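The values are calculated or read from the model by the stated rules, or taken from the named source; none is laboratory data. As the structure is a computational prediction, the values presented were derived from the model and not from experiment. Cβ sites come from the backbone with ideal geometry, for glycine too, and all protein chains shown count toward neighbours. Just so you know, the surface numbers come from the protein's heavy atoms only, side chains and all, with ligands and any DNA or RNA stripped out. Shrake-Rupley method; radii C 1.70, N 1.55, O 1.52, S 1.80 Å.
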Amino acid sequence: MGGLNSNPLKRVLDQVPPGFLVDSRWLAASSVAKSSASDYHREGWLGRVARGVYRRPYPQERSTDVVDWKLAVLSAQWIMDYDFHVGGMTALSLEGHNHYLGLGRSAGVYLYGDVPAWLPRLTLDAHPLLRRRQLFGSEPLGIDDQDFDPAAKNAPNPWDWPLRRSTPERAVLETLNELPDAETFHKVDMLFEGLPSLRPGRLDKLLQACRSVKVKRLFFLFADRHRHRWLAHIDRTAIDLGKGPRMLVEGGRYAAAYQLVVPAEFAGPGSKEAADGA
């Protein structure tokens with residue numbers, strides 16, 4: 001081994017900050033053979049956190065099995081160039097609605113797109129919830145993808161690298177798509193109550209591009225309940241809400257204005273009495 005005089009090792013240390021990860025694909029593209037990766041691991045330059053995944057340790061760090069989920073995501077997005085983003089309730093939590101993000105290892109982190117197969121195998125401090133980009137297809141509309149080069153001389157401290165994530169407007173629609181299986185009507189209702197500052201121009205474009213009738217109808221159900229100022233600037237006539245009723249919950253009530261069967265308390269005036277009399 002040539003230590004720091006080894007060119008491939010120097011490239012790894014130049015591009016991978018302490019605490020960050022790389023996988024065998026990235027190492028191979030950086031001219032690091034499997035045998036060399038094993039040597040780096042044996043000599044302490046890299047720590048193995050999963051099969052084919054390595055982490056550059058902090059100086060004099062004690063061994064740890066738990067990986068910070070943000071570091072894993074930042075590593076995959078900016079070092080290894082995987083095309084995925086943080087979205088849904090997680091993106092909203094990062095915007096300041098952090099009382100909706102659970103605590104501890106049970107916390108769910110919504111990830112959309114080409115998530116590396118090894119990421120769910122890591123021992124993270126949160127639970128990754130993998131989703132396809134089905135609401136908007138390959139359209140990157142509403143993803144905050146900054147023009148950022150982590151290798152630039154003026155790049156911020158690695159801990160301050162930006163997460164590629166949904167804007168609040170896209171994240172709201174991604175969250176609605178989780179109803180009723182992964183999120184609750186009550187939780188989403190509380191969320192809408194705390195969103196007075198959404199941008200109607202962005203909402204208009206996202207709603208018109210959205211492929212889910214369910215999501216668009218749910219959006220107006222919750223938006224009409226809270227009547228934030230931005231709602232008056234949404235052009236409903238330009239949004240395809242489809243035809244025919246959709247049942248989202250068993251034993252719910254039919255909200256005719258939205259053609260949805262939802263929990264009674266969200267079906268409009270008189271729904272509680274109707275539910276009691278059912």
Q) Once both labels are modelled 7 Å past Cα along the beta-carbon direction, what's the residue 211-residue 257 spacing in nm? A) 3.0
Q) Percent relative contact order of the chain, based on C-alpha pairs within less than 8 angstrom and at least six residues apart? A) 13
Q.
Contact order normalised by length for segment 165-278, with contacts defined as Cα pairs under 8 Å and 6 or more residues apart; what percent is it?
A. 21
Q | Candidate residues 25, 165, 199: accessible-area rank, largest first, probe 1.4 Å | A | 25, 199, 165
Q: May I ask which residue of 135, 118, 146 lies farthest towards the positive end of the charge dipole of segment 104-157, with charges of +1 (Lys, Arg) and -1 (Asp, Glu) on Cβ and the Cα centre as origin?
A: 118
Q | Added length on full extension, which subtracts the Cα-Cα distance from 0.36 nm per residue, residue 155 to residue 202 | A | 14.1 nm
Q.
Using the Cα centre of the chain as the reference point, and only Cβ charges (+1 on K/R, -1 on D/E), how large is the resulting charge dipole? Debye, rounded to the nearest 20.
A. 380
Q: Would you work out the charge dipole size for segment 162-239 about its Cα centre, treating the Cβ of every Lys and Arg as +1 and the Cβ of every Asp and Glu as -1, and quote it to the nearest 20 debye?
A: 280
**Q.** Most to least accessible of 41, 127 (protein chains only, probe 1.4 Å)
**A.** 127, 41
Q | Residues with amide H under 5 Å from that of residue 260, placed H, sequence gap 5 or more | A | 246, 255
(Q) In Å², and per residue, what accessible area does segment 178-278 have when probed at 1.4 Å with the other protein chains present? (A) 55
Q: With everything on Cα atoms, drop me the angle between helix 200-209 and the longest principal axis of the chain, reported from 0 to 90° to the nearest 10.
A: 90
**Q.** For residue 84, residues with placed amide H under 5 Å, excluding near neighbours
**A.** 114
Q.
Charges on Cβ only, +1 for Lys and Arg, -1 for Asp and Glu, centred on the Cα centroid of the chain; of 78, 256, 7, which one is farthest towards the dipole's positive end?
A. 7
**Q.** Difference of contour (0.36 nm per residue) and Cα-Cα distance, residue 182 to residue 30
**A.** 50.8 nm
Q.
I'd like the FRET efficiency for residue 228 and residue 148, computed as 1/(1 + (r/R0)^6) with the beta carbon distance as r and R0 of 30 Å, rounded to 0.05.
A. 0.45
**Q.** residue 141 paired with residue 249, simple spin-label distance in nm, labels 7 Å along Cα-to-beta-carbon
**A.** 3.0
Q) Quick one: which of 70/214; 10/70; 70/205; 10/34; 34/153 span more than 21 angstrom between C-alpha atoms? A) 70/214; 10/70; 70/205; 34/153
Q. Of all the accessible heavy-atom surface of the chain, with the other protein chains kept in place and a 1.4 Å probe, what percent is carbon and sulfur?
A. 47
